[in-house]
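Novice: Structure incoming, see below.
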Amino acid sequence: YEQKAPLGFLWAERLAVELLGKGEMALRLFPLLCGLAALAAFVPVARHFLRPWAAALAVGLLALASPAVYHAVEAKQYSTELLASVLAL
């Protein structure tokens, strides 16, 4: 179906398979780490742009957002894109 992913993401997936084996959990490791890193990187971004109570609310909303959680546990590149967006801010 001509699906495409960024080359860096594919390399990270390949590395995970080489190190951890050909299991589904190995494929989901890198997106999970990127999702967790995006959440951790979002804290200073929210503190910079928002008041303290609003920053806490924004981080909580990101932590509980079903699309962010869903894509962080799927073997797709979307959590890496979230991380890149947060780091760009």
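The values are calculated or read from the model by the stated rules, or taken from the named source; none is laboratory data. All values reported here derive from a predicted model rather than from experimental measurement. Quick reminder, even Gly has a Cβ in these numbers, built from the backbone with ideal geometry, and neighbours come from all protein chains shown. These area figures cover heavy atoms from the full protein model, side chains too; ligands, DNA and RNA do not enter into them. Shrake-Rupley method; radii C 1.70, N 1.55, O 1.52, S 1.80 Å.
Novice: Specify the angular offset, from 0 to 90 degrees and rounded to the nearest 10, of the alpha carbon long axis of helix 52-64 from the longest principal axis of the alpha carbons in the chain.
Specialist: Here the helix axis deviates by roughly 30 degrees.
Novice: Starting from the chain, pick out the GluC sites (Glu not before Pro) whose DSSP state is loop and whose Cβ has at most 13 other Cβ atoms within 10 Å.
Specialist: Sparse-neighbourhood loop GluC sites (Glu not before Pro): 2.
Novice: Same structure, new question: Using the Karplus curve 6.51 cos²θ - 1.76 cosθ + 1.60 with θ = phi - 60°, what ³J(HN,Hα) values do you get for each residue of segment 77-89, in whole Hz, with x for Gly and Pro?
Specialist: Once θ is set to phi - 60°, the couplings for segment 77-89 become 8, 5, 6, 5, 5, 4, 4, 5, 5, 5, 5, 5, 6 Hz.
Novice: Quick one: helix 7-20 against the long Cα principal axis of the chain, what's the angle to the nearest 10°, folded into 0 to 90?
Specialist: That helix lies at roughly 70 degrees to the long axis.
Novice: Give me the accessible area per residue for the chain, probe 1.4 Å, as a whole number in Å².
Specialist: Roughly 72 Å² per residue, with all protein chains present.
Novice: Here's a follow-up. Just one of (i) 18, 43, 26, 11, 2; (ii) 17, 44, 34, 6; (iii) 19, 51, 27, 4 is P(r) over Cα pairs in 10 Å bins from 0, in percent as worked out from the coordinates here. Which one is it?
Specialist: (i)
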